[in-house]
Amino acid sequence: MKKNLLKVISVILCLAVVMTGSAFMAFADGTAPDEAPFRISVTMNGDASTQRGFCWYTKANVDNAVKIYDELGAAVAATVTYEEVIEWDGNYCHQAVVSGLEAGKTYFYTIGNDKVESPVGTFKTDDGNDSFNFIAIADVQASSDENFAAAAKVVEAAQATMPDYEFIVNLGDFTNDSTNEEWDFYDKNFKAINASTTLVPISGNHDGLGVEHWFNNMFCLDTSESVQVKDGVNYSFDYGNAHIAVLNTNDILAMSNAQLKWLKNDMNGTDKDWKIVFMHKSPYSLGKDAKWPDALYLQKSLAKVLDKCDVDIVMSGHDHMYLRTKALENNKLSDDGTVYVLAGTAGTKRYEVRSFLADHYLDTDFIAAMTVQKNGYANYWNGSDWTQTKQTNVGGAFNCVSVNGGTLTVTAYVLADEPDANGNDVITVIDTYTITKETGKNEITFTGDNTTSELEYNLGIVPSFLRLAAYALGEWLPKFLFMLPDLLDVVINEGTF
């Protein structure tokens with residue numbers, strides 16, 4: 001008891017000492033000095049038990065240092081490897097990899113110099129056991145300070161719902177236009193969230209397509225095996241008894257042949273019990289973007305790789321709705337297949353169901369659960385009626401995921417836009433499901449180099465485009481034309497395209 005009390009006192013005192021530098025973060029008028037770090041994030045980068053990636057920005061080109069402290073406030077002699085500071089759209093981008101950490105430890109950190117220092121942040125390293133929790137969100141995609149604040153409130157609700165989470169997955173579209181103003185709004189509203197955990201960021205189309213290099217300059221990620229970094233990053237890491245791959249669905253509009261090859265090798269190169277994939281665009285959806293060939297192409301190309309590699313679950317965003325498929329293999333129902341989860345949106349921009357897509361691009365027999373929120377109402381699909389509504393389903397969505405040995409459970413929630421009669425937040429479970437499996441069965445079938453040279457990637461651009469074009473003309477277009485009468489009926493009678 002005395003040891004625990006002393007430990008608590010030590011933590012409080014040491015953190016107080018560490019945080020004294022934070023007093024210099026702002027002047028009396030509320031402005032920050034040019035040396036002050038902002039847009040600070042800590043991300044998975046390499047070995048999740050010993051390493052983390054750090055990214056931050058400053059207004060001036062100054063030297064900053066990352067300082068790591070243990071739970072008692074003592075300085076940790078970790079290795080910090082700094083990247084070259086670059087000027088990016090009027091600010092200066094700093095990145096560093098911290099290595100040499102211990103597994104299963106809680107660490108604290110500050111970033112700054114002798115003039116200015118950030119507030120204290122914290123993260124926890126992977127302890128390597130087969131039990132861990134994480135939070136997954138998607139599509140904040142905000143433009144205004146108000147809408148970023150609303151999305152941050154959803155994530156805070158997720159943190160309160162699952163307080164023992166170990167990292168947060170963001171499935172893409174952090175902002176709407178990837179401008180300095182929007183990233184500053186994001187930083188303002190998500191600063192405390194990002195300072196309290198490790199992020200697993202995924203590049204969305206609003207983070208990569210048409211805004212090249214923004215994503216790679218906002219987060220410090222392990223790009224050693226990424227097939228390219230211009231409009232997003234693909235990477236992977238182990239956590240507990242899971243192997244996790246992050247895909248870039250901006251890669252030649254959907255997925256290049258090079259990235260498909262990388263994924264196959266990556267998943268065949270692990271013997272971890274669980275194989276999990278995060279990406280932005282979803283192959284299975286009934287939302288606004290599910291009628292176009294880029295995302296639907298993933299049913300043709302990516303799903304085959306996932307099937308061959310025995311991937312257990314795929315989580316994605318992009319279509320601003322919640323949908324979970326039954327287990328699928330070869331685009332058919334299969335008890336041994338992959339479950340696809342469209343995670344809903346933590347933001348305020350929500351899509352209603354496009355009923356004309358049903359049984360054209362997505363067989364409704366594949367759907368296990370679906371909830372669609374938009375503006376003042378929500379569709380709750382009961383298997384036949386798209387128009388059923390539940391007011392408590394109107395809000396921002398988040399997902400809490402638990403892995404415990406051979407059991408993986410995902411529970412999806414909505415934080416209602418409107419509080420109850422007493423002014424309290426209303427959090428509703430919209431879906432929950434569990435996958436069980438026998439552990440210790442996966443084997444490594446690939447070893448070797450899984451990098452892609454620039455020459456190899458460039459030589460594959462034309463074949464990748466031709467493969468997508470062949471799908472669009474040969475499979476997507478005939479289905480689209482066949483669907484056209486249903487589409488026009490919905491457009492005319494409901495005003496929804």
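Structure values in brief
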quantity: Average projection area in nm² (convex hull over Cα atoms of the stretch 247-291, one quarter of hull surface); calculated: 3.9
quantity: Dipole moment magnitude, nearest 20 debye, the stretch 61-114 about Cα centre, only Lys, Arg, Asp, Glu C-beta charged; calculated: 220
quantity: For the stretch 187-261, size of Cβ-based charge dipole, Lys and Arg +1, Asp and Glu -1, in debye; calculated: 140
quantity: Environment charge of Ala65, counting only residues whose C-beta is closer than 14 Å and scoring Lys/Arg +1, Asp/Glu -1; calculated: -3
quantity: Packing rank of 106-116, 389-399, where each peptide gets the mean count of other beta carbons within 10 Å, highest leading; calculated: 389-399, 106-116
quantity: Relative contact order of the stretch 131-455, pairs being alpha-carbon contacts under 8 Å that are 6 or more residues apart, as %; calculated: 18
quantity: Acute angle (nearest 10 degrees) that the helix 145-161 long axis makes with the longest principal axis of the chain, alpha-carbon atoms; calculated: 80
quantity: Percentage relative contact order, the stretch 259-331, counting C-alpha pairs under 8 Å, at least six apart; calculated: 42
quantity: Degrees, to the nearest 10: 180-194 long Cα axis against longest axis of the chain; calculated: 70
quantity: Within the chain, percent of DSSP bridges classed antiparallel, to nearest 5; calculated: 80
quantity: Local electrostatic count, Ser285, Cβ distance below 10 Å [Lys/Arg +1, Asp/Glu -1]; calculated: +2
quantity: Residues with amide H under 5 Å from that of Lys230, placed H, sequence gap 5 or more; calculated: none
quantity: Protection-proxy order for peptides 132-139, 446-453, each taking the mean of Cβ atoms within 10 Å per residue, highest first; calculated: 132-139, 446-453
quantity: By average C-beta atoms within 10 angstrom, highest first, the peptides 92-98, 458-464; calculated: 92-98, 458-464
quantity: For the chain, calculated [θ]222 nm from helices alone, where every DSSP H run of n ≥ 4 adds -39500 (n - 2.57); calculated: -7500 deg cm²/dmol
quantity: Charge dipole magnitude, Cβ of K and R +1, D and E -1 - the chain, Cα centre, debye nearest 20; calculated: 620
quantity: For the stretch 111-126, Karplus couplings with θ = phi - 60° (6.51, -1.76, 1.60), whole Hz, Gly/Pro x; calculated: 10, x, 9, 6, 9, 8, 9, 6, x, 6, x, 8, 7, 10, 8, 5
quantity: Overall Cα dimensions of the stretch 102-181, principal axis frame, Å, largest first; calculated: 39, 39, 20
quantity: Angle in degrees between helix 477-494 and the longest Cα principal axis of the chain, rounded to the nearest 10; calculated: 80
quantity: Residues Met321, Met162, Met315, sorted so that the one with the fewest Cβ neighbours within 10 Å comes first; calculated: Met162, Met315, Met321
quantity: Cβ-based charge dipole, the stretch 31-185, positive-most Cα from Thr43, Gly172, Ile86; calculated: Thr43
quantity: Sorted by Cβ neighbour density within 10 Å, fewest at the top, the residues Met44, Met218; calculated: Met218, Met44
quantity: Residues Thr345, Thr175 arranged by fewest to most Cβ contacts within 10 Å; calculated: Thr175, Thr345
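Coordinate-derived values only; no laboratory data. From a predicted model like this one, the values you see are computed outputs, not experimental measurements. Note that each Cβ is placed from the backbone with ideal geometry, even for glycine, and that neighbours are counted across all protein chains shown.
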